[in-house]
1. Which residues, counting only those in region 91-107, are within 16 Å of A155 (Cα to Cα) and open to solvent by 60 Å² or more (accessible area, probe 1.4 Å)?
2. Of everything in region 24-63, what is assigned to a helix (DSSP H, G or I), within 23 Å of S115 (Cβ to Cβ) and open to solvent by less than 40 Å² (accessible area, probe 1.4 Å)? Give them in sequence order.
3. Given the condition open to solvent by 30 Å² or more (accessible area, probe 1.4 Å), assigned by the TED database to the domain that holds V116, part of a strand (DSSP E or B) and within 23 Å of E113 (Cα to Cα), answer yes or no: does some residue in region 135-147 qualify?
4. Does V152 satisfy the condition of being part of a strand (DSSP E or B), more than 19 Å from V94 (Cα to Cα), in contact (Cβ under 8 Å) with a residue 40 or more places away in the chain and open to solvent by less than 20 Å² (accessible area, probe 1.4 Å)?
5. Quick one: in region 2-16, of everything that is open to solvent by 50 Å² or more (accessible area, probe 1.4 Å) and on the phi < 0 side of the Ramachandran plot, which residue is farthest from the chain's Cα centre (by Cα)?
6. So which of A110, A78 is in contact (Cβ under 8 Å) with a residue 40 or more places away in the chain, closer than 30 Å to T175 by Cβ and open to solvent by less than 70 Å² (accessible area, probe 1.4 Å)?
7. For region 183-200, what are the residues that are in contact (Cβ under 8 Å) with a residue 24 or more places away in the chain and over 17 Å from F114 (Cα atoms)?
8. I need every pair where a residue in region 117-139 that is more than 15 Å from S166 (Cβ to Cβ) has its Cβ under 6 Å from the Cβ of a residue that is charged (D, E, K, R), sequence separation at least 6 or different chains.
Amino acid sequence: MRALPVGDDALLVEVSSGEEAQALHAELLRRRAQGSLAVREIVPAARTVLLDGLADPARLASELTTSEVPPAPPRARAVVELPVRYDGPDLAEVAAHWGVLPHEVAEIHANTEFSVAFCGFAPGFGYLTGLPPRYDVPRRATPRTTVPAGAVALAGPYTGVYPRSSPGGWQLIGTTDAVLWDHTRVPAALLSPGTRVRFVPVGRS
């Protein structure tokens with residue numbers, strides 16, 4: 001673990017894996033909830049956690065780098081179910097990469113419980129983990145200039161849902177009508193770090 005100062009009152013903590021980042025994020029949330037950590041924002045990423053609004057970043061950096069972080073506790077949140085039509089234009093390509101038939105991609109994906117590891121890229125976009133490493137897929141060699149809102153996609157170890165139309169290089173395997181980001185909703189994001197997610201097939205795949 002390495003802790004780097006960011007400005008006067010923030011700290012970027014680097015760890016070696018996504019699992020360690022999730023465990024650290026959970027531990028920092030626990031400390032804040034019990035009152036032993038005063039911090040304004042705790043923002044996880046793939047292998048880092050950013051803490052913003054610290055009174056004494058140097059003291060916390062020293063403490064974190066010399067302490068042991070317990071594994072993330074079991075996730076107790078209710079599962080968010082996202083309806084999905086497995087109709088993406090890259091479904092056959094992903095099937096070939098996995099060595100299965102296209103309908104089996106849908107079955108494998110829908111039978112997996114995912115967890116939001118972190119959020120980013122666009123408001124409401126969650127990076128979901130849960131598929132075994134053998135199902136990692138590369139990004140497209142040439143990104144698309146436009147990916148429609150609601151596209152369910154894979155890249156590396158992650159599943160994601162595009163909350164709005166944007167360019168993107170992920171492999172598209174399906175479509176959902178779920179609204180990932182709504183500024184009139186509280187909270188605006190449907191998914192947040194730690195949220196459990198399942199994809200529920202609807203219509204024809």
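1. Scanning region 91-107 gives A92, E93, A96, H97.
2. Residues satisfying the conditions are L24, H25, A26, E27, L28, R31.
3. Looking through region 135-147, none of the residues is open to solvent by 30 Å² or more (accessible area, probe 1.4 Å), assigned by the TED database to the domain that holds V116, part of a strand (DSSP E or B) and within 23 Å of E113 (Cα to Cα).
4. On the way: part of a strand (DSSP E or B): yes; more than 19 Å from V94 (Cα to Cα): no; in contact (Cβ under 8 Å) with a residue 40 or more places away in the chain: yes; open to solvent by less than 20 Å² (accessible area, probe 1.4 Å): yes.
Judged against the criteria, V152 is not a match.
5. Checked region 2-16; the qualifying residue farthest from the chain's Cα centre (by Cα) is D8.
6. Of A110, A78, the one residue that is in contact (Cβ under 8 Å) with a residue 40 or more places away in the chain, closer than 30 Å to T175 by Cβ and open to solvent by less than 70 Å² (accessible area, probe 1.4 Å) is A110.
7. Listed by number, the list holds a single entry, A188.
8. G130/E113
The values are calculated or read from the model by the stated rules, or taken from the named source; none is laboratory data. Worth saying up front: this structure is predicted, and the values here are computed from it rather than measured. So basically every Cβ, Gly included, is an ideal-geometry build from the backbone, and we count neighbours across all protein chains shown. Surface accessibility is based on the protein's heavy atoms, side chains included, excluding ligands, DNA and RNA. Shrake-Rupley method; radii C 1.70, N 1.55, O 1.52, S 1.80 Å.
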